[in-house]
Amino acid sequence: MGKTIAVPEKLKEWIIHTFNRGISPVAILQGMVDKGYEAKSAYSTIAAVIGPDKLKEVDLNQLTYEYEDVGISTTNNKIQTSDRDVNILLKMEKPYILYLDNVLSSEECDQLIQLSKERLKPSTVIDQRTGEIKLATGRTSKGTYFSFDENELISKLEKRISEITNTPVENGEGLQVLKYEVGEEYKLHFDFFPTNKVDNSKGGQRIGTFLLYLNDVEAGGETVFPKVGLSIVPKKGAAVFFHYGNSKDQVDRKSLHASIPVSNGEKWVATKWIRKGKIYE
Ligand SMILES: O=C(O)CCC(=O)C(=O)O
Ligand SMILES: [Fe+2]
């Protein structure tokens, strides 16, 4: 026989009301955990009110993120790499975020933009009337990838990122460069993979993102973390590093983020997603 638990009347009403509004039991559970309920007791409470079968898919392990030491020493207000001193402008613990300046020189930013420009292909669409491929109007967002160790500049940056983040270069995915024009954005998202879609043969889950700002943006284009009300203003040569995966394969949902629309000028960024283990041999 299952344990009977006494659920306060108000809480019971709230759970039933929320469930009847179409909110999924998992979201109700997440909401209770976010409000401070312990995951297991929130689970038993909801199970007692609407039935345990509704919570079958829930992975309790993913409900509360355990913060671990990321292994980056920040006591000197800077991080020393073999070719550069990087300044720490901001530190946040939960989620773990560092805003760093002087990560790239102005020349390195320009070089990376230049190299990317050559490979950005204008977005195309198929003309619905004639079937011909034509340039898309209004869709100007573009991106490109550099493969691991692709050229001298990329290798130098990969080494620097690895030293700053204290992760092996082999854990980093190929650098992605994105260009946003006025009005373009990157809507709210997580960078980690859905926890049931992790490929352990390729380094496993993503655990961190190293985002480099390659130019100064005239207006807009901030990287925002709405769960903690943080907005990072792009600055040429600066970078934001956020960490969201631990040794228990949990992911930090506080790392939700977006790039808000550019309102004036353009925005260039380079992203390196870092996995838990080695992607390449
Ligand atoms: O451009 C930004 O500020 C955010 C980019 C981003 O979230 C990503 O590349 O995953
Ligand atoms: Fe992202």
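The values are calculated or read from the model by the stated rules, or taken from the named source; none is laboratory data. Every value quoted in this text rests on a predicted model; they were computed, and no experiment measured them. Backbone-built Cβ (ideal geometry, glycine too); neighbour counts: all protein chains shown.
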- Query: Residues in region 176-199: is at least one surrounded by fewer than 21 Cβ atoms within 10 Å (Cβ to Cβ), within 11 Å of ligand 1 (Cβ to nearest atom), more than 26 Å from residue 93 (Cβ to Cβ) and of a type in the set (A, V, I, L, M, F, W, C)?
  - Reply: yes
- Task: Could you tell me whether residue 201 is in a loop (DSSP other than H, G, I, E, B) and either among the polar types (S, T, N, Q) or within 16 Å of ligand 2 (Cβ to nearest atom) (or both)?
- Result: no
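Just checking, which of 82, 73 is within 27 Å of residue 249 (Cα to Cα), of a type in the set (Gly, Ala, Ser) and not in a strand (DSSP E or B)?
Values: 82 fails: within 27 Å of residue 249 (Cα to Cα).
From the options 82, 73, the qualifying one is 73.
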- Query: Would it be correct to say that residue 39 is surrounded by 14 or more Cβ atoms within 10 Å (Cβ to Cβ) and either β-branched (Val, Ile, Thr) or in contact (Cβ under 8 Å) with a residue 12 or more places away in the chain (or both)?
  - Reply: yes
- Message: Pairs please, first residue from region 234-260 and on the phi > 0 side of the Ramachandran plot and more than 10 Å from ligand 2 (Cβ to nearest atom), second anywhere and assigned to a loop (DSSP other than H, G, I, E, B) and among the polar types (S, T, N, Q), Cβ atoms under 7 Å, 6+ apart in sequence or on different chains.
- Response: 237/102; 237/105; 249/205
- Message: Against the definition (more than 19 Å from residue 72 (Cβ to Cβ), within 12 Å of ligand 2 (Cβ to nearest atom) and of a type in the set (Val, Ile, Thr)), how does residue 224 come out, yes or no?
- Response: yes
- What tally of residues in region 209-239 results from selecting those that are out of contact with any Leu (no Cβ under 8 Å at 6 or more places or on another chain), within 11 Å of ligand 1 (Cβ to nearest atom) and within 24 Å of residue 153 (Cα to Cα)? 6
- Item | All positions within region 8-62 that are over 22 Å from residue 248 (Cβ atoms) and part of a loop (DSSP other than H, G, I, E, B) | 8, 21, 22, 23, 24, 35, 51
- Note on the structure: Among 81, 45, the single one that is at pLDDT 90 or above and surrounded by 17 or more Cβ atoms within 10 Å (Cβ to Cβ) is 45
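For region 240-260, which positions are more than 9 Å from ligand 1 (Cβ to nearest atom) and part of a strand (DSSP E or B)? Give the derivation first.
Just the residues of region 240-260 that are more than 9 Å from ligand 1 (Cβ to nearest atom), to begin with: 241-256.
Listed by number, the residues that qualify are 241, 242, 243, 245, 251.
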- Message: Anything in region 23-53 that is among the small types (Gly, Ala, Ser) and closer than 23 Å to residue 227 by Cα? List them, or say none.
- Response: 24, 27, 31, 36, 39, 42
- Residues within region 161-191 that are part of a loop (DSSP other than H, G, I, E, B) and touching a Lys or Arg at 6+ places or on another chain (Cβ under 9 Å), tallied: 9
- Item | Residues (within 16 Å of ligand 2 (Cβ to nearest atom), at pLDDT 95 or above and of a type outside the set (Gly, Ala, Ser)) located in region 133-172 | 161, 165
- How many residues, within region 261-281, are within 11 Å of ligand 2 (Cβ to nearest atom) and either surrounded by fewer than 23 Cβ atoms within 10 Å (Cβ to Cβ) or part of a loop (DSSP other than H, G, I, E, B) (or both)? 2
- Message: Just to be sure I understand the filter: pairs with C-beta atoms under 9 Å, separated by 6 or more residues or on different chains, first member in region 48-64 and among the polar types (S, T, N, Q), second member in a loop (DSSP other than H, G, I, E, B). Which pairs pass?
- Response: 61/248; 61/249; 61/250; 62/249; 62/250; 64/38; 64/250
